[in-house]
Amino acid sequence: MKILAVESSGTPASVAFWEDGKIKAEFTITDKLTHSVTLMPLIESMTKICGIDLTALDAVAVSAGPGSFTGLRIGVATVKGLTLALNKPAVKVSSLMGLSRNIFAPGCFVCPLMDARRGQVYAALFRNGKQLLSDSALSVEDYLDIVEEKAGKTGRCIFLGDGAPVHRERIEERLGKRAVFAAPGSSLQKASSIAVLAAEELAAGNTVSSDDLVPDYLRIPLAEQMEKAGTLEDAGSRSLKKIARGDKKHA
């Protein structure tokens, strides 16, 4: 089984190659360069250095969300293009489930937490590989309520993702010494974790076509929310109105 995996739901741009039960290669950049600039060069470099034949792939996997709207669109668009060109199936993997696979901690509660801004986080909850809270967009207080309910008074909770340092002070206030934070090498998204999960999905026959591949945002982008609320005016329409008024300077 050969899988190319792409991760772009957060700050890292990451690609990995899975073959017959092993991660053969993983290339990652975390310096906040635009994913549209980094993903294809990463794929090209990895395939060239490792001698990977893309036509021999069984599938291309992608971290489909939740996460950065722009990052998800770029990642999904990249995989759509590859699967269409190669005539291969795509495999969608949850970004939060991918994060949870960065950590092996039997008996502990694994708490992937991504900063969703506007007072919210994208979060889930896992223990021993079982998902106890489905992927959600909610306030950090509501999330910690759920974590405390599931973990009880003694459960150890491991937090990771870019939302963990943002809300670390509040997490420690609520959970005290039960809260543990993942080491830097395990705290952000990795394409290798997406590849591992994708292998499980592919073995189960869970694939989608290039045409059906779409991101899982959890909530609609801010621009769409503003447009629906009547607070975002189409730039093209605005320019046409100014031209009609003879206001060429600002058209």
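Sub-8 Å Cβ pairs linking a first residue in the stretch 126-147 that is in contact (Cβ under 8 Å) with a residue 60 or more places away in the chain to a second residue that is part of a loop (DSSP other than H, G, I, E, B), at least 6 apart or interchain, are Asp135/Pro66; Asp135/Asp216; Asp135/Leu218; Ser136/Leu218; Ala137/Pro66; Ala137/Leu218; Ala137/Arg219, ordered by first then second residue. Among the residues in the stretch 143-163, are any touching a helix residue (DSSP H, G or I) at 6+ places or on another chain (Cβ under 9 Å), part of a helix (DSSP H, G or I) and closer than 30 Å to Ile3 by Cα? Yes, the stretch 143-163 contains at least one residue that is touching a helix residue (DSSP H, G or I) at 6+ places or on another chain (Cβ under 9 Å), part of a helix (DSSP H, G or I) and closer than 30 Å to Ile3 by Cα. If only residues of the stretch 162-216 that are open to solvent by 40 Å² or more (accessible area, probe 1.4 Å) and hydroxyl-bearing (Ser, Thr, Tyr) are counted, the one that is farthest from Glu26 (Cα to Cα) is Ser209.
Do the conditions hold for Thr55, that is, is it among the polar types (S, T, N, Q), assigned to a helix (DSSP H, G or I) and buried (at least 24 other Cβ atoms within 10 Å of the Cβ)? Show your work before the answer.
On the way: among the polar types (S, T, N, Q): yes; assigned to a helix (DSSP H, G or I): yes; buried (at least 24 other Cβ atoms within 10 Å of the Cβ): no.
No; evaluated as a whole, the condition is false for this residue.
May I ask you to say which residue of Leu132, Leu125, Leu113 is assigned to a strand (DSSP E or B), touching a helix residue (DSSP H, G or I) at 6+ places or on another chain (Cβ under 7 Å) and open to solvent by 20 Å² or more (accessible area, probe 1.4 Å)? So that I can check it myself, show each step before the final result.
Working: Leu125 fails: open to solvent by 20 Å² or more (accessible area, probe 1.4 Å); Leu113 fails: open to solvent by 20 Å² or more (accessible area, probe 1.4 Å).
That would be Leu132, the only listed residue that is assigned to a strand (DSSP E or B), touching a helix residue (DSSP H, G or I) at 6+ places or on another chain (Cβ under 7 Å) and open to solvent by 20 Å² or more (accessible area, probe 1.4 Å).
Whether a residue is charged (D, E, K, R) and buried (at least 16 other Cβ atoms within 10 Å of the Cβ) was assessed, and Glu26 passes this test. On the stretch given as the stretch 81-110, residues that are assigned to a helix (DSSP H, G or I) and either open to solvent by 10 Å² or more (accessible area, probe 1.4 Å) or polar (S, T, N, Q) (or both) total 9. Ser14 falls short on exactly one of the conditions (1) within 27 Å of Pro165 (Cβ to Cβ); (2) modelled with pLDDT under 95, and that condition is (2). Within the stretch 1-52, the only residue that satisfies the criterion of being assigned to a strand (DSSP E or B), in contact (Cβ under 8 Å) with a residue 40 or more places away in the chain and over 15 Å from Lys190 (Cβ atoms) is Lys2. The set of residues in the stretch 61-80 being open to solvent by 40 Å² or more (accessible area, probe 1.4 Å) and more than 22 Å from Leu113 (Cα to Cα) consists of Ala77, Lys80.
The values are calculated or read from the model by the stated rules, or taken from the named source; none is laboratory data. Since the model is a prediction, treat every value here as computed from it, not as a measurement. Heads up, the Cβs are rebuilt from the backbone with ideal geometry, glycines too, and the neighbour counts pull from every protein chain shown. Ligands, DNA and RNA are excluded from the accessible area calculation, which covers all protein heavy atoms including side chains. Shrake-Rupley method; radii C 1.70, N 1.55, O 1.52, S 1.80 Å.
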